[in-house]
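Undergrad: Dropping the structure in here first, questions after.
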Amino acid sequence: VRLSCGVATGADSVFVARAEDLGKELQRFALPTIAGRQISSDRGLTVSHSMLVPYARNGQLLQEERLGELGVYLGQPERRRKLLERTCVARKPWYAFHETPPLGDILRPKILCKDITERPFFVVEGTGQLVPRHSVYYIVPRDPSQMQNLCDYLNTEEVHGWLKAHCQRAANDFLRLQS
């Protein structure tokens, strides 16, 4: 269904916070999120943060007057200043993400991998609740019943060798899976 990098907010310092630090008034806008550094081949997924999402579950940006407490939070002078400094505000409302998130696809069970890694590995996120950040790639298979089989295949030496041969190199000879 989709193979893509995660959500680009253009201001993770504003939209992403430790889940335990978010007040009750912001919980309805918060979705668990994961960055590449929170994915490990031996520990799996370590979820500790939430992303404040000013979008309806169908992917439509909420109207500013419907933001409620999220609008108050984002509108605090320092946060609003950071949001207004982004290039995307030339064509989007000040509180929109840099890229419109395809929430219909993102909020489905998926396979995750780091964008930049020493050795590629893939993990299943079977709940469909995690929002991958821009340092994570996600794969939403057409047939969710094949997700584990697909993930197992992606973790084979054959696929690792192909990725090693075809991916761009980042610093320290790490692989950049984006390519």
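Undergrad: At 1.4 Å probe size, with every protein chain present, just tell me what the per residue accessible area of the chain comes to in Å².
TA: Result: 54 Å² per residue.
Undergrad: Over what distance in Å are the Cα centres of the range 1-62 and the range 65-124 separated?
TA: 8 Å
Undergrad: Step through the residues of the range 22-27 one at a time and calculate ³J(HN,Hα) from phi using the Karplus curve (6.51 cos²θ - 1.76 cosθ + 1.60, θ = phi - 60°), rounding each to whole Hz and writing x for Gly and Pro.
TA: Values, residue by residue: 7, x, 4, 5, 9, 4 Hz.
Undergrad: Follow-up question, since we're still on this one. Lysines within cross-link reach of residue 164: Cα-Cα under 20 Å, excluding same-chain residues under 8 positions apart?
TA: Partners within reach: 114.
Undergrad: By per-residue mean of other Cβ atoms within 10 Å, what is the highest-first order of 156-164, 46-54?
TA: The densest-packed peptide leads the list: 46-54, 156-164.
Undergrad: What Rg and what Dmax come out for the range 114-179 when only alpha-carbon atoms are used, in angstroms?
TA: Calculated on Cα positions, Rg and Dmax stand at 12.5, 37 Å.
Undergrad: Something else about it: Computed from these coordinates, which is P(r) over Cα pairs in 10 Å bins from 0, in percent: (1) 10, 41, 38, 11, 0; (2) 9, 32, 28, 16, 12, 3, 0; (3) 9, 35, 33, 18, 5, 0?
TA: (3)
Undergrad: Kindly state, to the nearest 0.05, the FRET efficiency for residue 98 paired with residue 27, given R0 = 22 Å and r defined as their beta-carbon distance.
TA: 0.40
Undergrad: For a protection proxy built on the mean count of beta-carbon atoms within 10 angstrom, sort 81-94, 99-112, 23-36 highest first, please.
TA: Most protected by this proxy first, the peptides run 99-112, 23-36, 81-94.
Undergrad: Same structure, new question: Under the Karplus relation 6.51 cos²θ - 1.76 cosθ + 1.60, θ = phi - 60°, what is the ordered set of whole-Hz ³J(HN,Hα) values for the range 166-172, x standing for Gly and Pro?
TA: Once θ is set to phi - 60°, the couplings for the range 166-172 become 10, 7, 5, 9, 9, 4, 6 Hz.
Undergrad: A further question follows. Report the full-extension gain for the segment residue 8 to residue 56: residue separation times 0.36 nm, less the Cα-Cα distance, to one decimal in nm.
TA: 15.6 nm
Undergrad: What's the carbon and sulfur percent of the chain's accessible surface, probe 1.4 angstrom, rounded to a whole number?
TA: Taking all protein chains in place, the chain shows 48 percent carbon and sulfur surface.
Undergrad: What is the extension gain from residue 149 to residue 78, computed as 0.36 nm multiplied by their sequence separation minus the C-alpha to C-alpha distance, in nm to one decimal?
TA: So the extension gain works out to 20.9 nm.
The values are calculated or read from the model by the stated rules, or taken from the named source; none is laboratory data. Every value quoted in this text rests on a predicted model; they were computed, and no experiment measured them. Every residue, glycine among them, receives a Cβ derived from its backbone with ideal geometry; neighbour counts consider all protein chains shown. Note: areas computed on protein heavy atoms with side chains; ligands, DNA, RNA excluded. Shrake-Rupley method; radii C 1.70, N 1.55, O 1.52, S 1.80 Å.
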